[in-house]
Amino acid sequence: MNIQGEKSVLKFLTCGSVDDGKSTLIGHLLYLTGNIPVDQLKTLEMESSRIGTAGGGLDFSLLMDGLMAEREQGITIDVAYRYFAAAGRKFIVADTPGHEQYTRNMATGASQCDAALILVDVQQGILPQTRRHALICALMGIERILFVINKMDRVDWDEVCFRRVESQKALLLADLESFGIRLQDAAAIPVSALTGDNIALLSSKTPWFSGDTLLEWLAKVSPGSWRTAAPLRIPVQHVIKGQRGGEGWQHLVPDSLKSASGGTFRAYAGTVVSGGVACGDELVALPSGVSIKVASILAGDREVNAAAAGSAVALTLAGEHDIVRGDILAPARDRPEVADQLKVRIIWMDETPLFAGRHYDLYSAGGTARAEITRLRNRIEPESYRRLAAHTLEKNDIAEAEISLSRPIPFDPYGENRETGAFILVDRLTNATLCCGMILHSLRKGENVHWQAETVDRSKRSALKGHQPQVIWFTGLSGSGKSTIANALESRLSSMGRHTMILDGDNIRHGLSRDLGFTEADRIENIRRIGEVAKLMTDAGLIVITAFISPFRAERSLVRAMIPESEFIEVFVDTPLQVCEERDVKGLYKKARNGEIPNFTGVNSPYEAPQSPELVVDASKLSVEDSVEKILKFMDAG
Amino acid sequence: MDILDILENESIRIIREAVACGESPAMLYSIGKDSSVMLHLAMKAFYPMKPPFPLVHVDTTWKFREMITFRDEAVERLGLELITYTNEDGVAGGVSPFTHGSKVYTDIMKTEALRKVLDKFRFDMIFGGARRDEEKSRAKERVFSFRDATHRWEPRGQRPELWAIPNLSKKKDESFRVFPLSNWTELDVWRYIERENIPVVPLYFSAKRPVILRDGQWLMLDDERLRLEANEKMEMRMIRFRTLGCYPLTAGVESEAATVAEIVAELEASDTSERCGRLIDFDQAGSMERKKQEGYF
């Protein structure tokens, strides 16, 4: 163990393909730097002889592979963190898995790190996985990558073998550069994780190699240097407030903080993610842009005159301001952008594929917003770094896209600030983290396009019609009776003098959506278009009746989100599948059962029933007339 | 900014984030050195206001007496709210580490008690003082660790933790265990205690204490419930504790370190890990991971 207190922390990640020897490398590094306690060493000796794969020697990989399941499988399945001290510095190692399907874990590890070790088996050379790992590290903003050419003992420390891998690495870097990313450091080093050569000491077996040892390379990286170079950013996390000297006030607070008159104490808590702040600084709070002046800075329980990047502070301000969590405090002359239309890079992390047009929740240092992927620009092939056309994204896909937000948020391009340029998207139903994102820049149209101020607005049009515009959205299986009820409802409304319009398969599929097929992506786009048309028609004051199977909950909630709450009535025609299939008016079920129709809802494609529709009618129990009555009654009540 | 500043800032940021996103936060306070550090950080995070949450102590009735005294003094000194909870069903059933073995005892008096108190108060952000360097499976747990409505940890389904942007969205009855000290090591904790002058339970400091040798470990005699076996003899030894749990399950180590500075010096020269004095970790292979899946911290 080290004797002196360490002066800095470096977080780095290790990546490599299965069997490249990552765990062995880190285990050996810990061992060589005296970071393995005696009792753990004893356990290691026991386990090495029992399940080890190092032929009687110490199997260092056993130190890293923590979870039971993977101990049995012999592979690392999640991010594991290890701590060690060496060369006057504390290191935090994120060990991330090499499996293709675990890209998300690597991105996760990389988001926390300043440097990366990418392991390459010298016998295999640079593999497609190696290129993928380098891309992910580079995309996540890691500018220093060490290519650790491992298993040199297997090729008798042959320089030619090493140089061959080095030239493959040069090709990789050239491709990365033409993609648009240039690394600051991308050295290569010949090692053997098993024997420990060139890890802590330069090996006599590689007289032809004169670079740094692995440990020296790690000791040279300066962590988070971008933070001090970038302008001041303090994302407000939490507002600390209460009555001075009142309840909730700490017992031992000195009198200087208790003003004689009492009154409200208010401080804006957050971390100085970049730059520095000093008392008296004149700043702005974004997105509002309001000017503020720093009155005092609390660093924990100490009042300080200034605070540097990395400090968790609480600021009190001169005067009263309406500043909330998610606002970013910054210098007026060097402020983050504020926009609601962004071009971004994303790594998709969930089993559910991405579809343009769906709504997600966006979380960022600059607050939360609802987000829609408005356009998928491309998918990046992770081995060749080429940009390909894309309509949807699967788990582990990397892409560039345009997103549209429900409100403007403050941000910096990710390349300039890894804190204020990052975001995640969260599924609103499952709460799963769907993707991580890096903001490239704002889209100009977001800044310049303003909605035309309408002199004749929707309420005027509605008043002219003499009734409230509404969307009556029927959903249910094929043959459930949606269209029959919809038509009967329209005639009744029409006879009552209401201005109506029906949207159904006949007038949509043959016209507006003629270009769309029946794949999941096309069906989602179809529903999106119907939603937009319905919205325009309600703006015009009409009662819109739609009759589509609309099997997916996410799409229906997408349409629901476009229409004012009081104007959307979801009617679930809950006729049992068996009844629909018996009726089989168009003979479609029969065809589907014979395998002639792919993706037929209820047969070989799912129907997601509404969780809380405004109305449910079961056409197998209720007559058409009664169903219409039920709906009319609800409309009047609404 | 040195390493302790870096760790302190990171922990404060985590604590603030959880409080900002939670509806009903609470801090699990185990009275040990890590809890003392975590509490100290919470006092800083919301200064000059008190932390906006109560402390929760799961009392197994087998804590060292000095721990309970220390707990009550700390709460009094800082003016905080303390909720103590004991699994009365276990007490009524006479569950003890001697009669039921360490596994059953821990299940009932710690894990089950914890689940019950969390359910009772419906806390949704629960701070714990666990560190990743303590045990292998802890090294793989998130800082913000999602628990389902039955408090289970699913090691394979953990949410990715990206940058400093945790996904803290959840449904009814789901919760998060939050570990602000994830990146601290034992040595960091003691250096910080030294620098910040944080009070800790005196059992951490070496003194002559009544002990017996059992299974190669020094067990301290804290009250009459620890019965001596025929071949065992009480003796006085200079011991201290590196970790504090329930007294028959936590062994002391022989040491001369009687001050924080001496402990730091001892650790710097030491070559065994901290939990080697924790008897419950040895009761089954992969034991900590299994306990965590069941809801243990």
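The values are calculated or read from the model by the stated rules, or taken from the named source; none is laboratory data. These figures come from a predicted structure and were not determined experimentally. Glycine gets a Cβ as well: all are built from the backbone with ideal geometry, and neighbour counts include every protein chain shown. Note: accessible area is taken over every heavy atom of the protein model, side chains too, but ligands, DNA and RNA are not part of it. Shrake-Rupley method; radii C 1.70, N 1.55, O 1.52, S 1.80 Å.
Which members of segment B:98-150 meet the condition of being β-branched (Val, Ile, Thr), part of a helix (DSSP H, G or I) and open to solvent by less than 50 Å² (accessible area, probe 1.4 Å)?
B:Thr106, B:Ile108, B:Thr111, B:Val117
Quick one: B:Lys50 ticks every box in (1) without any contact (Cβ under 8 Å) to a residue 12 or more places away in the chain; (2) more than 26 Å from A:Ser8 (Cβ to Cβ) except a single one, so which number is it?
Unmet condition: (1).
For a quick check of your reading of the model, give me the residue pairs whose first member lies in segment B:168-180 and is without any contact (Cβ under 8 Å) to a residue 24 or more places away in the chain, whose second is assigned to a strand (DSSP E or B), with beta-carbon atoms closer than 6 Å and at least 6 apart or on different chains.
So the pair list comes out as B:Ser169/A:Val426.
If the Cβ limit is 8 Å and pairs must be 6+ apart or interchain, which residue in segment A:33-57 that is assigned to a helix (DSSP H, G or I) and at pLDDT 75 or above pairs with which residue that is surrounded by 12 or more Cβ atoms within 10 Å (Cβ to Cβ) and of a type in the set (D, E, K, R)?
A:Val38/B:Asp271; A:Leu44/A:Asp59; A:Glu47/A:Asp59; A:Ser48/A:Asp59
Search segment A:416-431 for residues that are closer than 15 Å to A:Ala309 by Cα and more than 9 Å from chain B (Cβ to nearest Cβ) and pair each with any residue that is open to solvent by 10 Å² or more (accessible area, probe 1.4 Å) and among the basic types (Lys, Arg) when their beta-carbon atoms are under 9 Å apart and the residues are at least 6 apart or on different chains.
Matching pairs, first to second residue: A:Asn417/A:Arg227.
Would you check which residues across segment A:406-442 are open to solvent by 10 Å² or more (accessible area, probe 1.4 Å) and part of a strand (DSSP E or B) and list them?
A:Ser406, A:Arg407, A:Pro408, A:Leu440, A:His441, A:Ser442
Just to be sure I understand, how many residues within segment A:311-348 are in contact with a helix residue (DSSP H, G or I) (Cβ under 8 Å, 6 or more places away or on another chain) and either part of a strand (DSSP E or B) or surrounded by fewer than 21 Cβ atoms within 10 Å (Cβ to Cβ) (or both)?
Total meeting the criteria: 8.
For segment B:42-68: of the residues being aliphatic (A, V, I, L, M) and at the interface with chain A (Cβ under 8 Å from one of its Cβ atoms), which is least open to solvent (accessible area, probe 1.4 Å)?
Checked segment B:42-68; the qualifying residue least open to solvent (accessible area, probe 1.4 Å) is B:Ala45.
Give the number of residues within segment A:385-443 that are within 22 Å of A:Gln184 (Cβ to Cβ) and either touching a Phe, Trp or Tyr at 6+ places or on another chain (Cβ under 6 Å) or aromatic (Phe, Trp, Tyr) (or both).
Here the count works out to 7.
Just checking, which of A:Leu183, A:Leu172, A:Leu232, A:Leu201 is touching a residue at least 12 places away in the same chain (Cβ under 8 Å) and under 21 Å from A:Thr33 (Cα atoms)?
Criteria check complete, one pass: A:Leu201.
Step by step: first the residues of segment A:565-582, then only those that are surrounded by fewer than 16 Cβ atoms within 10 Å (Cβ to Cβ) and in contact (Cβ under 8 Å) with a residue 12 or more places away in the chain, then the one that is farthest from A:Asp618 (Cα to Cα). Which residue is that?
The extreme case among them is A:Ser566.
Name the pairs whose Cβ atoms lie under 9 Å apart, with the first residue in segment A:385-401 and surrounded by fewer than 17 Cβ atoms within 10 Å (Cβ to Cβ), the second part of a loop (DSSP other than H, G, I, E, B), and 6 or more positions between them or separate chains?
A:Arg387/A:Glu381; A:Leu388/A:Glu381; A:His391/A:Ala356; A:His391/A:Thr519; A:Glu394/A:Glu351; A:Glu394/A:Pro353
Considering only residues that are away from chain A (no Cβ under 11 Å) and either open to solvent by less than 50 Å² (accessible area, probe 1.4 Å) or among the hydroxyl-bearing types (Ser, Thr, Tyr) (or both), which ones fall in segment B:151-166?
Passing the criteria: B:His151, B:Trp153.
Buried (at least 17 other Cβ atoms within 10 Å of the Cβ), within 26 Å of A:Cys113 (Cβ to Cβ) and of a type in the set (Ser, Thr, Tyr): is that true of A:Thr206 in this structure?
It is false that A:Thr206 is buried (at least 17 other Cβ atoms within 10 Å of the Cβ), within 26 Å of A:Cys113 (Cβ to Cβ) and of a type in the set (Ser, Thr, Tyr).
From the set of residues in segment B:8-40 that are at the interface with chain A (Cβ under 8 Å from one of its Cβ atoms) and in contact with a helix residue (DSSP H, G or I) (Cβ under 7 Å, 6 or more places away or on another chain), which is surrounded by the fewest Cβ atoms within 10 Å (Cβ to Cβ)?
B:Arg16
When you check A:Leu493 against the structure, is it open to solvent by 70 Å² or more (accessible area, probe 1.4 Å) and either closer than 20 Å to A:Arg529 by Cβ or outside any loop (DSSP other than H, G, I, E, B) (or both), yes or no?
Criteria not met by A:Leu493.
Going by the structure shown, is B:Arg290 surrounded by fewer than 16 Cβ atoms within 10 Å (Cβ to Cβ) and modelled with pLDDT of 95 or more?
So B:Arg290 fails the test.
Is it true that B:Ser182 is within 23 Å of B:Leu267 (Cα to Cα), facing another protein chain (nearest Cβ under 9 Å) and crowded, with 21+ Cβ neighbours inside 10 Å?
Yes; evaluated as a whole, the condition is true for this residue.
Tally time: how many residues in segment A:274-292 are within 15 Å of A:Ile323 (Cα to Cα) and open to solvent by less than 60 Å² (accessible area, probe 1.4 Å)?
8
In segment A:209-228, which residues are small (Gly, Ala, Ser) and open to solvent by less than 90 Å² (accessible area, probe 1.4 Å)?
A:Gly211, A:Ala219, A:Ser222, A:Gly224, A:Ser225
Out of segment B:15-34, which residues are more than 21 Å from B:Arg122 (Cα to Cα) and in a helix (DSSP H, G or I)?
B:Lys33, B:Asp34
Go through the residues of segment B:106-126 one by one and say whether even a single one is touching a Phe, Trp or Tyr at 6+ places or on another chain (Cβ under 8 Å), of a type in the set (Val, Ile, Thr) and under 29 Å from A:Asp39 (Cβ atoms).
Yes; the residues of segment B:106-126 include at least one that is touching a Phe, Trp or Tyr at 6+ places or on another chain (Cβ under 8 Å), of a type in the set (Val, Ile, Thr) and under 29 Å from A:Asp39 (Cβ atoms).
In segment A:534-546, what residues are closer than 15 Å to A:Leu512 by Cβ and surrounded by 18 or more Cβ atoms within 10 Å (Cβ to Cβ)?
Matches in segment A:534-546: A:Ala534, A:Lys535, A:Met537, A:Val544, A:Thr546.
Any idea which of B:Ser169, B:Ser175, B:Ser206 is of a type outside the set (A, V, I, L, M) and within 11 Å of chain A (Cβ to nearest Cβ)?
B:Ser169
If A:Ala295 passes every condition in (1) outside any loop (DSSP other than H, G, I, E, B); (2) open to solvent by less than 50 Å² (accessible area, probe 1.4 Å) but one, which one does it miss?
(2)
Check B:Arg195, B:Arg227, B:Arg237 and return the single one that is open to solvent by 20 Å² or more (accessible area, probe 1.4 Å), touching a helix residue (DSSP H, G or I) at 6+ places or on another chain (Cβ under 8 Å), farther than 19 Å from A:Gln112 by Cβ and not in a loop (DSSP other than H, G, I, E, B).
Every option except B:Arg195 fails the conditions.
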